[in-house]
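Here's the structure we're looking at; comments come further down.
The values are calculated or read from the model by the stated rules, or taken from the named source; none is laboratory data. A quick note: this is a predicted structure, and the numbers were derived from the prediction, not measured. Note: ideal-geometry Cβ built from the backbone for every residue, glycine included; neighbour counts use all protein chains shown. Protein only, heavy atoms only, side chains kept; ligands, DNA and RNA dropped before computing areas. Shrake-Rupley method; radii C 1.70, N 1.55, O 1.52, S 1.80 Å.
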Amino acid sequence: MGNDSRGGTNDVVPPIHLSTTFGWASGAESNEHDYSRESNPTRAALEEQLARLDGGDHGLVFASGMAAISTTMLTLVPPGGHLVSSDSIYGGTEKLLTELAADHFGIDVDFVDARDPGRVSAVVDSDTDLIWVETPTNPLMRLCDIEAIADIADDDGVPFAVDSTFASPYCQAPLELGADIVVHSTTKYLNGHSDSTGGAVITNDDRIAERLGFAQQTGLGNVLAPFDCYLVSRGVKTLPARMEHHEENAMAVAQFLESHDRVSSVYYPGLASHPQHGLANQQMSGYSGMLSFEFDGTPLELEAFLEGLDVFTPGASLGGAESLVELPSLMIPDEASHGEATAAIPETLVRVSVGLEDADDLREDLRTALP
Ligand SMILES: *Cc1c(COP(=O)(O)O)cnc(C)c1O
């Protein structure tokens with residue numbers, strides 16, 4: 001998890017280079033960096049660190065997870081092109097696909113239930129420009145078989161991208177399973193402290209890296225600022241320790257919820273009751289700290305539950321030290337899918353980002369707040 005960029009001064013952490021420009025030099029003295037949008041030493045250090053973490057040759061960091069996603073999609077898929085996406089995805093990605101990609105750029109977007117790779121292969125052909133899946137998905141915690149979909153993508157020569165934000169590089173390595181591109185919202189587990197918004201793309205494909213790098217640095221200028229690069233780089237150093245603790249707490253919370261009579265279903269890949277628990281064991285090296293559950297009660301009771309919580313904070317986002325609960329239907333109604341093209345989100349679904357508090361405090365908080 002370390003970092004080799006020591007700036008000639010043996011700094012143990014990468015220095016924050018705020019300079020937007022670097023004195024010009026010629027010949028052997030020529031600069032590695034000359035203008036910070038194009039290239040910045042703090043950003044280069046983070047990009048290298050994240051590439052190594054995901055087993056990739058190239059890393060690019062963006063101003064947000066959505067910036068990483070939109071740059072990937074809109075660079076690789078031309079207007080009028082064809083994109084196949086899993087039907088259970090982050091709300092922002094869904095909006096991007098329906099309102100920008102389809103409505104504005106005329107891209108033909110097919111949403112499929114990618115839990116079944118057969119449904120992906122049914123709509124993909126050699127004219128498809130990109131296959132996009134999220135696994136585990138936000139907020140339904142569904143999984144896609146990365147290896148099986150990578151085979152389909154390979155057969156038709158189509159680039160295959162995985163949004164692996166919920167797993168983090170600690171729990172899942174999509175490139176090793178055959179994906180061409182892995183995307184993270186670094187806002188979540190990679191930074192891990194709820195104090196930096198960012199996104200990352202990692203790939204082994206030189207041509208894709210070149211095209212996305214051009215868009216990131218020149219065409220769109222969609223780069224992550226040096227201070228945020230520093231924060232993410234710092235977060236990455238504790239990723240293994242945090243992920244182990246997130247998972248341990250999430251398992252404790254999932255088991256508690258599963259035994260509660262006002263909870264009708266719990267979705268956590270680590271539970272034997274998860275319909276894709278076997279796939280989780282096959283392609284993930286950990287179950288991460290995200291889960292969701294269906295509350296057995298009325299929306300009013302659910303609101304009272306949120307208000308009764310003390311340790312958990314009702315709020316958006318995930319992957320930080322603080323446990324958060326989000327009720328998509330109440331808190332992000334514009335983004336919560338009603339299930340026309342994409343998978344419906346039940347009205348009483350609660351998404352939980354299990355933080356790093358004491359597991360007993362988390363269980364006790366839920367016990368007290370649930371009716
Ligand atoms: C949060 C999130 C995003 C978007 O990232 P931002 O940093 O908020 O732009 C994309 N995908 C998933 C799975 C997310 O959870």
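Dipole of the chain, Cα-centred, from +1 at each Lys and Arg C-beta and -1 at each Asp and Glu C-beta, to the nearest 20 debye?
Using Cβ point charges on Lys, Arg, Asp and Glu, the chain gives about 800 debye.
Helix 65-76 against the longest principal axis of the chain: what's the angle in degrees, Cα atoms only, rounded to the nearest 10?
Its long axis makes an angle of about 60 degrees.
Over the chain, average the accessible area per residue using a 1.4 Å probe and give it in Å², no decimals.
Accessible surface, normalised per residue, equals 41 Å².
Tally up the carbon and sulfur contribution to the accessible surface of the range 298-371 as a whole percent, 1.4 Å probe, everything protein left in place.
Its accessible area is 51 percent carbon and sulfur atoms.
Hey, rough spin-label estimate for GLU364 and THR313, points 7 angstrom out along Cα→Cβ, what's it come to in nanometres?
Distance between label points: 2.1 nm.
Pop out the carbon and sulfur fraction of the accessible area of the range 88-136 as a percent, whole number, probe 1.4 Å.
41
For helix 146-156, what angle does its Cα long axis make with the longest principal axis of the chain, in degrees from 0 to 90 and rounded to 10?
50
Relative to the longest principal axis of the C-alpha atoms of the chain, give the angle of the C-alpha long axis of helix 239-258, reported between 0 and 90° and rounded to the nearest 10°.
20
Can you compute the helix-only [θ] at 222 nm over the chain? Use -39500 (n - 2.57) per DSSP H run of at least 4 residues, normalise by all residues, nearest 500 deg cm²/dmol.
It lands at -9500 deg cm²/dmol.
For an R0 of 56 angstrom, estimate the FRET efficiency from the Cβ-Cβ distance between GLU244 and SER30 and round to the nearest 0.05.
The formula returns an efficiency of 0.80 here.
Can you give me the C-alpha center-to-center distance between the range 322-371 and the range 163-201, rounded to a whole angstrom?
If we compute the Cα centre of each part, the gap is 21 Å.
Once R0 is set to 45 Å, what does the formula 1/(1 + (r/R0)^6) return for the Cβ-Cβ distance between GLU294 and ASP127, expressed as a FRET efficiency to the nearest 0.05?
0.70
For ASP113 and GLU147, what is the calculated FRET efficiency with R₀ set at 22 Å and r taken between the beta-carbons, to the nearest 0.05?
Efficiency, from the Cβ-Cβ distance: 0.80.
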